[in-house]
Structures are given as structure tokens and as C-alpha cells.
Amino acid sequence: MEMTIRPRRLRYGETLRKMVRETRMDPSTLIYPIFIKEGTGITEEIPTMPGQYRYSTDTMGAKLEELLDAGVSNVMFFGIPDHKDALGSGAYAQDGIIQRALRRAKEEYPQIYRITDVCMCEYTSHGHCGVLCNDEVDNDRTLELLAKTALSHAQAGADMVAPSDMMDGRVAAIRKELDANGYQNTPIMSYAVKYASAFYGPFRDAAGSAPAFGDRKSYQMDYHNSREGIREALLDVQEGADIIMVKPALSYLDMVSRIREAVHVPVAAYSVSGEYAMIKAGASLGYIDEEKIICETAASAYRAGCDIYLTYYAAEIARFMKEGRIG
Ligand code: PBG
């Protein structure tokens, strides 16, 4: 058959396929989320996230070392406090769980790049991401506490802060507070395009942060919307966000693509707890091949346009990248 153009020509053989590959990935773009809990000697498996653990500050080192060995040096720290109250005071306590974890990580594993999730929901007794006023989250009062939280993280050794609360104006409030205290060079990665998602279910079990009443729909985005996400991203860039995140990843790859076009800062995609849990569950039943699915989902996020990928599979993905299976 006479045919000049044959796309299959470029698909014969691994060497050629790699030569013409459009998406390149590298372990330096991976971020691993870690859960740190009060107490000592804790390495507790999270039931809804098999293979993921809650650590105490004295046991997290083993995990950090494992990550460094795998080639992952970026870690996002989440704190699980013992004490919760209406104002989420544990979030900005000088000796709070996350602050102590940061100091220890900085001292013992200075090679780790320390990023913190800035939010109130793990620290408030009601589980919402801010301060309540008549059962509604009070946006402007919450801003002060978020700024205070971000500053306390920077003071304890955070290299970057990542607000995930979805209050209006939080990036500007945090930027101002950091700058006023000499942290002009601490970047802000904004969870700008964060949807109200059932994919956070396993995380909320892990962190004990499910809202005690209602839901997060008055601050996280409606998943029917995409223009609204662009608006959020542009606003955050204006307020000084250095990196824009889309979250979750898998069901929102259209947003990763659109945000990639809309902003000129790096774009991050967060493959959240429910994405991890689905793969684990499917694999444990023998329905899917875990390693292949990990590679394919990671590549899809990068192909959609993210520069940075947050994932509980960071160590595995780094290994697959090094082995040349992806990237
Ligand atoms: C805190 C926060 C959440 C996640 C990251 N930061 C939970 C939520 O918004 O309810 C979810 C991460 C995951 O599911 O892996 N607000």
C-alpha cells in the first residue's frame, strides 16, 4: 500500500520511542507528602492508605532516608496534633508538631527540601479549614491565623509554604507576613485550584481532619467548574504565589492543561490520597498492575503540563524514572 506518512515508523523499538518521547520527567520534580504525629516510636500504617504511615518525629528519619536513597528530596509535611481547639492553635504553636518536625528534619536531614501544608483543618476541633463564626468559616479572621501559621513554619525551618485552605486573599496575607519578618525568599506554592473532592477521604482518615459538620463546599471549588479555577490561579499569581497547584490530579488533568496555558509560573499537580487508595485497592485485588498504573498516571499528569508532581508513590516513581521505565 502506498502511504507516505506512517506514524508507526517512530514506534519501532525502545531506543527510537525514547528519542521521540514528548514528556520528560525527573525525580527532582517529585514531592512526597508525609504525616507526622505527636508521640514517640510511632510507625503506624494508615488503614485506608496501605503502605503509607504516620510517623513521630523520632521515626520519620527512616522514611526520609528511604526517600533520599530513592532520589526524592522534596517533602511536604502534614502535622497530626494531639490537641485540637476552635482556633486551631496547634497550627501556629512554636512547639507544635510540625514546627518540631521541621527543626528536627533540618538538623538531621538538611538535604531534605522542607515544604509545609498551611491549613487549620488538622488542628481545629470542628475540622474546618478556618475559624468559625455562626457555623460558617470566617474568611478574614482566618487569614491572620494562616499568616501566623506560615510564619511559624518558616521560623522552624520550612523552605517553602503551601496554603491549602482556599480562603480568599491568603496568599497576599501570607506573603505580607513572611516579608515583614525577613522571609522574602520563602516561596509560596498555592493550592489555588483545589476542588471539594471525595478523593481526600483517605487523607482525612489519616489526619483525622474530616469536618465535624457540613462540608468544605463554601471554600473548596465545585467540580463542575473550570473557568473559576483559572480565576483562582490568576488571582493567586497576582497575590504573589510562586507556584500554582491543581488538586486532585487524575480527574482534573484538563485543569492542569488549562492552568499551564494560563499562568507563567510552575504548575504542580497533587495526586491525592483517594487516587493512591484506588490504585492500591485495585492492585491488591489483582485487577490492575500497580507498577504500570503508577507509571501511566504519573506520566499523564506531566503530559497534561505539570512541572511538579506530589504523590504518595514518589519513591516508586523515582525508581521507575531511574530504571528508564518512564521519563
Ligand atoms: C488540608 C489538606 C487536605 C489535603 C491536603 N491538604 C485535605 C482536605 O482539604 O480536606 C488532601 C490530600 C490528600 O487527599 O492526599 N486542607
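The values are calculated or read from the model by the stated rules, or taken from the named source; none is laboratory data. Bear in mind that the values here come from a model prediction, so they are computed numbers and not experimental data. All Cβ positions, even for glycine, are placed from backbone atoms using ideal geometry, and neighbour counts span all protein chains on display.
Below, the figures for the structure above:
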item	result
Every residue from segment 148-185 that is assigned to a helix (DSSP H, G or I) and of a type in the set (Val, Ile, Thr)	Thr149, Val171, Ile174
Conditions (1) of a type in the set (S, T, N, Q); (2) buried (at least 24 other Cβ atoms within 10 Å of the Cβ); (3) in a helix (DSSP H, G or I); number of the one not met by Ser190	(3)
Candidates Ala180, Ala210, Ala196 - the one that is among the aliphatic types (A, V, I, L, M) and touching a helix residue (DSSP H, G or I) at 6+ places or on another chain (Cβ under 8 Å)	Ala210
Test result for Val131, of a type in the set (A, V, I, L, M, F, W, C), more than 20 Å from Gly182 (Cβ to Cβ), within 13 Å of the ligand (Cβ to nearest atom) and over 17 Å from the mean Cα position of the chain (by Cα)	no
Filter result for Ala147 (of a type outside the set (Ser, Thr, Tyr) and without any contact (Cβ under 8 Å) to a residue 60 or more places away in the chain)	yes
Arg204 being among the charged types (D, E, K, R) and closer than 22 Å to Leu253 by Cα	no
First in segment 118-131 and among the acidic types (Asp, Glu), second anywhere and near the ligand (Cβ under 10 Å from one of its atoms), Cβ under 9 Å, 6 or more apart	Glu122/Phe78; Glu122/Ala207; Glu122/Ser209
Hits in segment 169-196 (condition: in contact with a Ser or Thr (Cβ under 7 Å, 6 or more places away or on another chain) and more than 12 Å from the ligand (Cβ to nearest atom))	Val171, Leu178
Complete set of residues in segment 7-43 that are surrounded by fewer than 16 Cβ atoms within 10 Å (Cβ to Cβ) and in a strand (DSSP E or B)	Thr43
Verdict on Phe199 being within 17 Å of the chain's Cα centre (by Cα), within 16 Å of the ligand (Cβ to nearest atom) and outside any strand (DSSP E or B)	yes
Inter-residue pairs, beta-carbon under 6 Å, first in contact (Cβ under 8 Å) with a residue 40 or more places away in the chain and in segment 188-201, second among the aromatic types (Phe, Trp, Tyr) and not in a strand (DSSP E or B), 6+ apart	Tyr195/Tyr223
Failed item, numbered, when Cys306 is tested on (1) under 21 Å from the mean Cα position of the chain (by Cα); (2) closer than 16 Å to Phe199 by Cβ	(2)
Selected residue (criterion: nearest to Asp205 (Cα to Cα)) from residues of segment 1-38 that are among the hydrophobic types (A, V, I, L, M, F, W, C) and without any contact (Cβ under 8 Å) to a residue 60 or more places away in the chain	Ile34
Scan of segment 92-117 for residues that are without any contact (Cβ under 8 Å) to a residue 60 or more places away in the chain, touching a Lys or Arg at 6+ places or on another chain (Cβ under 9 Å), surrounded by 18 or more Cβ atoms within 10 Å (Cβ to Cβ) and part of a helix (DSSP H, G or I), ordered by number	Leu102, Ala105
Per-region count, segment 149-163, residues within 16 Å of the ligand (Cβ to nearest atom) and either under 26 Å from Gly229 (Cα atoms) or out of contact with any strand residue (DSSP E or B) (no Cβ under 6 Å at 6 or more places or on another chain) (or both)	6
In segment 212-226, the residues that are more than 8 Å from the ligand (Cβ to nearest atom) and not hydrophobic (A, V, I, L, M, F, W, C)	Gly214, Asp215, Lys217, Ser218, Tyr219, Asp222, Tyr223, His224, Asn225, Ser226
Condition check for Met166: within 15 Å of the ligand (Cβ to nearest atom), over 30 Å from Tyr55 (Cα atoms), modelled with pLDDT of 95 or more and surrounded by 21 or more Cβ atoms within 10 Å (Cβ to Cβ)	no
Criterion (more than 16 Å from the ligand (Cβ to nearest atom) and at negative phi) met by exactly one of Glu232, Glu290	Glu290
Test: Met76 is at pLDDT 95 or above and assigned to a loop (DSSP other than H, G, I, E, B)	no
